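What follows is calculated from the coordinates using simple rules that are stated; it is not laboratory data. Here the structure is a predicted model, which means the values were calculated and not measured. All Cβ positions, glycine included, derive from the backbone under ideal geometry; neighbour counts span all protein chains shown.
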Amino acid sequence: MSETGTATRHGGDRIAEALQVHGVQTVFTLCGGHISPILSSAKARGIRIVDVRDEVTAVFAADATARLTGRPGVAAVTAGPGITNTITALKNAQLAQSPVILIGGAAPTALQGRGALQDIDQRPLVEPHVKRFLKMRRVRDLGPAVAEAFEAAQSGVPGPVFIECPVDLLYDEASIRQWYTDAAGKGDALADRALRWYLNRHAENMFAGSAETSAPTPRPVELPRADDSSLRRAAAALQKAERPLLVIGSQAVVLAQEADALAAAVAALGVPVYLSGMARGLLGRDHPLQMRHQRRNALRESDCVLLAGVPCDFRLDYGKHVRRGATLIVANRSAKDARLNRRPDIAAIGDAGRFIQALAQAAQAMPGRLDAWLDTLRTRDRQREAEIDRQAAVQGEHVNPLDFFRALEAEAGDAAVFVADGGDFVATASYVLHPRAPLTWLDPGAFGTLGVGAGFAMGAALARPQSEVWIVWGDGACGWGLAEFDSLVRQGIPVIAVVGNDAGWTQIAREQVKMLHDDVATVLARSAYHDVVKGFGAEGLLVQRPDQVRPALQRARELARQGKPVLVNVWLDKTEFREGSLSM
């Protein structure tokens, strides 16, 4: 009988069945004996298993999948160190409000706390970084736990959920009962008989009711909606304003399937907008309402600011960028984030994307009324672009990073997805690269995590198989993910990585050297990253001079179209473009 047949159905298949019912197409993993039944059964049900070289990559890949599809991404890792390796990615997903499901193995239920292999108390380590920690104790609860996890991850403020699955819940009942029988031994001493009684009773409890359990039905997801009063007040404030401004962030595009409707609503409002995080690219490449530069000055001059899915954290100088005399409207699923560091005049607690869509219907059109304000902002943008062009024209021994990104902007395809992983190099990219469409820019989010690149790119490439996926990698950040080129090659995922190689942790060195007169721990080498990936079977290209940039980018695209992962190692000159960029 097949693995999914009644006679051999086991806990791992119950998990796989629930994932299938919830529409999961890919599970990211690093193998381990504690989770093998899940992986085997998921594969048998047609779910793609993508195995990586570090558990943290699996969670980053699931995170990217969630952000680009609007549905939870799924990762499965083994017990103990397999789970501890994911903590950074879990915290990153939590702070980025990304709906990720992590399924983790655990030691057998009867041996927990007794020194079993990879047995630790996982709850205290994981629970602070997830919305919900689900600890499984009975086989019949496995499928329903998946349904609960999917609901929790997406409802309210999205975030990661952890399901702990002890290994003895995942294998078939006959094998586990035999294992318990062998473990109990055959002695006649009172202690031996007591152990057999205990293990038999334990097995009865574990498997009780499992024969009657059916596949779980997906649960409805609670989507918070701002009240009508906040909508009316916000519409009135925007109508009255002479210099209104929108700032839209990642949380506004959590409902990925509504990104186009959100973009249409922003266009209908006619209010100038700055886009950040996952919202970059929402309006396409060059929309006349989108502003890219001098955001701080614009916020200080605006008389009405709408922050949609954006908290007043360090990125807005804890709310100080918005002048006190302005009407501050905050749309956010989180009441805490809506009031972080600055109490808004109007708090619209609900989905920010849908709030903007409703606002576009409630507010009256404002043709011509904002022309002077728009002209001021566009003039500043043009001036800043001209300054970037002047700095990009400066030639040195190697490649000017601004000039490089001007070339990448021209060469990357119309369906390109950019994954940002680095410090100085990535921050420079954010000034120059224009994401092509909604949900075509991936960065870690508020946690500022380095090392997301390989996992994010893997998830993006599988979620968007027709897109051209680029990792924009600092040479520091790429060190975390180079080994994943092995995973990309083995599984035929044709990602293009460009490494800005200036032989240092430049974002840190800029201020450290200036303030402390010491470059300690910030110096790297001009390492041959392109040769490293060749060892994994990928293609590697070296760029040392400006005239090599465009041919290398064109060649990288050609190789990716042939199904080959590529890394372009670009030797950079130092620049002064981002002096004074230290964030606290």
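If you take the charge dipole of the stretch 243-394 about its Cα centre, with +1 on Lys and Arg Cβ and -1 on Asp and Glu Cβ, which of F314, V254, A267 is farthest toward its positive end?
F314
What spacing in nm lies between the two simple spin-label points modelled at D518 and R219, each 7 Å away from Cα in the Cβ direction?
Modelled inter-label distance: 5.3 nm.
Run the dipole for the chain about the Cα centre, Lys and Arg Cβ at +1, Asp and Glu Cβ at -1, nothing else charged, and hand back the magnitude in debye, nearest 20.
On the way: 66 positive and 65 negative charges, 254 e Å.
About 1220 debye.
For the stretch 393-571, report the % of Cα-Cα distances exceeding 25 Å. Mind showing how you got there, number by number?
Numbers: 4254 of 15931 pairs.
Roughly 27 percent, rounded to a whole number.
If the cut-off is a Cα-Cα distance under 23 Å, which lysines reach K131, setting aside same-chain residues fewer than 8 apart in sequence?
Partners within reach: K91, K336.
Going by how many other beta carbons lie within 10 Å of each one, how would you line up K131, K320, K564, fewest first? Kindly include the intermediate steps, with their values, before the conclusion.
Values: K131 22, K320 14, K564 19.
Ordered from fewest to most neighbouring Cβ atoms within 10 Å, K131, K320, K564 come out as K320, K564, K131.
Once amide H atoms are placed 1.01 Å from N in the peptide plane, what residues at a sequence separation of 5 or more from A326, or on another chain, have their amide H within under 5 Å of its amide H?
HN-HN under 5 Å from A326: empty list.
Apply the a/c threshold of 1.5 to the C-alpha gyration tensor of the stretch 104-256 and tell me whether it is rounded, prolate or oblate. Walk me through the intermediate numbers first.
Values: a/c = 4.86, a/b = 3.07, b/c = 1.58.
The shape class here is prolate.
Can you tell me which lysines have their Cα less than 29 Å from the Cα of K564? Leave out same-chain residues fewer than eight positions away.
Qualifying lysines at Cα under 29 Å: K43, K534.
How large are Rg and Dmax for the chain when calculated on the C-alpha trace, in angstrom?
When restricted to Cα atoms, the chain yields Rg and Dmax of 26.1, 93 Å.
Would you please classify the overall shape of the stretch 228-377 from the alpha carbon gyration tensor, given that a ≥ b ≥ c denote the square roots of the eigenvalues, rounded means a/c under 1.5, and beyond that prolate means a/b larger than b/c while oblate covers the rest?
Details: a/c = 1.16, a/b = 1.05, b/c = 1.11.
Verdict is rounded for the stretch 228-377.
Do the sum for the chain: with -39,500 (n - 2.57) for every DSSP H run of n ≥ 4, divided by all residues, what is the mean residue ellipticity at 222 nm, to the nearest 500 deg cm²/dmol? Write down the numbers at each step before the final one.
On the way: 23 runs with 236 residues, N = 584.
Result for the chain: -12000 deg cm²/dmol, rounded to the nearest 500.
List, largest first, the extents of the alpha carbons of the stretch 6-212 along their principal axes, each in whole Å.
Answer, in whole Å and largest first: 60, 35, 32 Å.
With point charges of +1 on the Cβ of Lys and Arg and -1 on the Cβ of Asp and Glu, referenced to the Cα centre of the chain, which listed residue (G474, P124, V157) lies farthest in the positive direction of the dipole?
Highest projection toward the positive end goes to V157.
Between beta-carbons, use under 15 Å as the cut-off and find the net charge around R323, counting Lys and Arg +1, Asp and Glu -1. Mind dumping the intermediate values first?
On the way: positive: R243, R295, R296, R300, K320, R324, R342, R343; negative: E242, E301, D303, D317, D345.
Summing Lys and Arg as +1 and Asp and Glu as -1 gives +3.
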